[in-house]
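Input: a single structure, listed below in structure tokens.
Where a number appears in this text, it was derived from the coordinates with a stated rule and is not lab data. In this text the structure is predicted, and so the values were computed from the model without any measurement. All Cβ positions, even for glycine, are placed from backbone atoms using ideal geometry, and neighbour counts span all protein chains on display.
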């Protein structure tokens, strides 16, 4: 199996962690967005990361990839068994992908991507607004939902992996979660990102 894309993308990180928690072996090729290599474009025709191949099978989009992996390699299970918990897992992944990642991305893009890769100054007004206005309500919501140590069904699932991934980006940007203000969230995110599946990702500190 091959996963294409830098793990500085929380979507790529999500897939790499999911693969590691499955105990599967994967080759990680940290290509950038819109990379022109034929192998990557065969997996991801829109040039977005992650791209993925499992032998002759090719796929893009982190959600699609994780759903494929769960069906193809069902043990250990990273999707809950009950309909209610499955629905909540889908919701938390959607929340992470479409709400939390974009909000955290404003911080990461301005404090990491622009100065270190684009050689442009950070827009601190955008950063300050994200930290003061955009992110706190999202953290408040997750703090209420955290019953510990996992979001759904009392076991690790895609919900936890997707939710924890953007917090790694905030830490790389040196704007980590305030664990005193959000103690339950801080406790559970710290435990998640300390797992070997997160720590084993080789290029996640490439921007540090």
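Take the chain, connect every pair of alpha-carbon atoms lying under 10 Å apart with a spring to form a Gaussian network, then pick out the residue of 139, 109, 57 with the largest mean-square fluctuation. With Cα springs under 10 Å in the chain, the top fluctuation among 139, 109, 57 is at 57. Label point of residue 24 set 7 angstrom out along Cα-Cβ; within the stretch 73-99, amide nitrogens under 14 Å from it belong to 73-79.
How big is the antiparallel share of DSSP beta bridges in the chain, given as a percent to the nearest 5? Don't skip to the answer; put the middle values down first.
On the way: 7 of 10 bridges.
In the chain, DSSP labels about 70 percent of beta bridges as antiparallel.
Compute the convex hull volume of the Cα atoms of the stretch 2-72, divide it by the residue count, and report the result per residue in Å³ as a whole number.
In the stretch 2-72, the Cα hull volume divided by residue count equals 73 Å³.
The convex hull drawn around the Cα atoms of the stretch 18-119, when projected onto a plane and averaged over every direction, covers 7.9 nm².
Where does each of 89, 124 land when they are ranked from fewest to most other beta-carbon atoms within 10 angstrom?
124, 89
Note on 59, 135, 16, 24: ascending count of other Cβ atoms within 10 Å places them as 24, 59, 135, 16, the fewest first. By the Kirkwood approach, averaging reciprocal distances over each pair of separate Cα atoms, the stretch 83-199 gets a hydrodynamic radius of 14.7 Å. Length, then width, then depth: along the principal axes, the Cα atoms of the chain run 46, 45, 25 Å. Dividing the mean sequence gap of close Cα pairs (under 8 Å, 6+ apart) by how many residues the chain holds gives a relative contact order of 24 percent. Computed on the Cα atoms alone, the convex hull of the stretch 139-208 gives a volume of 81 cubic angstrom per residue. By the beta-carbon count within 10 Å of each Cβ, the least crowded to most crowded order of 182, 91, fewest first, is 91, 182.
Once the C-beta distance of residue 37 and residue 118 is scaled by a Förster radius of 35 Å, the resulting FRET efficiency is 0.95 to the nearest 0.05. Over the chain, DSSP H runs of length four or greater, each weighted -39,500 (n - 2.57), average out per residue to a 222 nm ellipticity of -13500 deg cm²/dmol.
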